[in-house]
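Dropping the structure in here first, questions after.
Where a number appears in this text, it was derived from the coordinates with a stated rule and is not lab data. Computed from a predicted structure; not experimentally measured. Every residue, glycine as well, gets a Cβ built from its backbone with ideal geometry; the counts of neighbours run over all protein chains shown.
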Amino acid sequence: MNDVIIIGGSFAGLAAALQLGRARRKVTVLDTGLPRNRFAGHSHGMLGHDHKPPLDILAEARRQLARYSAISLVNVRADKVSGGIDDFSVLTADGESLGARRLILSYGVADQMPDVPGFAESWGTSIVPCPYCDGFEVAGQHWGLVWSGPQSHNQVRLFHDWTDRLTVFADGHDIPPAIRADLERRNTPIVDGRITEIARHGDHNPTVKLDSGPDMAVDILFAHPRNKPAASLHEPLGLATLDTPLGIILKVDERRETSMPGIYAAGDLANPLTPPSVTLASSHGAMAGIFAQQSMLT
Ligand SMILES: Cc1cc2nc3c(=O)[nH]c(=O)nc-3n(C[C@H](O)[C@H](O)[C@H](O)COP(=O)(O)OP(=O)(O)OC[C@H]3O[C@@H](n4cnc5c(N)ncnc54)[C@H](O)[C@@H]3O)c2cc1C
């Protein structure tokens, strides 16, 4: 029997495993190797790991975890979770059933690419979600923002710390007059019409094609497609969720415990803050590991 099974072995899950392994708790991490930022050439903003390929950061983390004999890293998908506190079962895609006293869910979220030719191919290079992650390298250049709802207004305010050259693409959204007036005051033009295609020229400089009006080239495009949990293991368990403007996440308390005793969650799967962040995922993962361990003290 494991003390803890961690489902999702990326930034959050491996950070949880590190704390548990150092506390000499028996841990199994199940992972399918598809972190959310795998499309990005470099990861930015994590202290000590700035401007490194994300998969390199994770590979180094896995190498470091190999010191801890209590941690077992397994490349397999978790398909089903059942049981309750002190007696959970996890069924893997290999047909194996593993037992644990506690679970940590850290299987992340999956961004849902819109049905626009060129969008998915550009994701992580010429279309990116977060200025903290990718803004510095293109500061002062001409940015585009694909409007995704009222929350996009905050992005406009945020982006001005990086550039004064911003164009908003309404993409079929009805932007209210008060917001239009504010954007005008900020010298931020709005291009109406729906985006029909993204044409790429190398890693940057996407050209946005529209159903009305001429094409428009920008140096980089920011967009916030909706996302959903990368697995649905929490659904049959009935775990409480929160609705955010971009998708559903798991609800956790201050100790990262979900609505079901003994199940903790960390990383993008349970992070209501935007933008998503490797640093936050790791810190919440470490918290989940520590609180899961402390919940087993006699
Ligand atoms: C394009 C892009 C660029 C980004 N750039 C940055 C950046 O520069 N800096 C930054 O701080 N943040 C960046 N982010 C955000 C960052 O990717 C996330 O915050 C971070 O990956 C969240 O870590 P996580 O461990 O919660 O989830 P993830 O990293 O998404 O990992 C989830 C893991 O769970 C696994 N998994 C899923 N389902 C199962 C299952 N059923 N069984 C077993 N395993 C499963 C997946 O394969 C994956 O390995 C970027 C995001 C995107 C989309």
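Which condition breaks for residue 188 when tested against (1) out of contact with any strand residue (DSSP E or B) (no Cβ under 9 Å at 6 or more places or on another chain); (2) closer than 18 Å to residue 138 by Cβ; (3) hydroxyl-bearing (Ser, Thr, Tyr)?
Evaluating residue 188 over (1) out of contact with any strand residue (DSSP E or B) (no Cβ under 9 Å at 6 or more places or on another chain); (2) closer than 18 Å to residue 138 by Cβ; (3) hydroxyl-bearing (Ser, Thr, Tyr) leaves (1) as the failure.
Another one. Just give me the residues in the stretch 270-288 being hydroxyl-bearing (Ser, Thr, Tyr) and assigned to a loop (DSSP other than H, G, I, E, B), in sequence order.
Across the stretch 270-288, the qualifying residues are 274, 277.
Quick one: what pairs do we get from the stretch 97-121, first residue without any contact (Cβ under 8 Å) to a residue 24 or more places away in the chain, second in a strand (DSSP E or B) and of a type outside the set (Val, Ile, Thr), C-beta under 6 Å, 6+ apart or different chains?
Final answer for the pair search is 97/89; 97/91.
Follow-up question, since we're still on this one. Condition first: polar (S, T, N, Q) and near the ligand (Cβ under 6 Å from one of its atoms). Now tell me which residues in the stretch 4-30 satisfy that.
10
With within 10 Å of the ligand (Cβ to nearest atom) and small (Gly, Ala, Ser) as the only criterion, which of 70, 66, 59, 40 stands out?
Values: 70 fails: within 10 Å of the ligand (Cβ to nearest atom); 66 fails: within 10 Å of the ligand (Cβ to nearest atom); 59 fails: within 10 Å of the ligand (Cβ to nearest atom).
It is 40.
Can you tell me how many residues within the stretch 28-46 are over 18 Å from residue 79 (Cα atoms) and not aromatic (Phe, Trp, Tyr)?
The number of residues fulfilling the criteria is 10.
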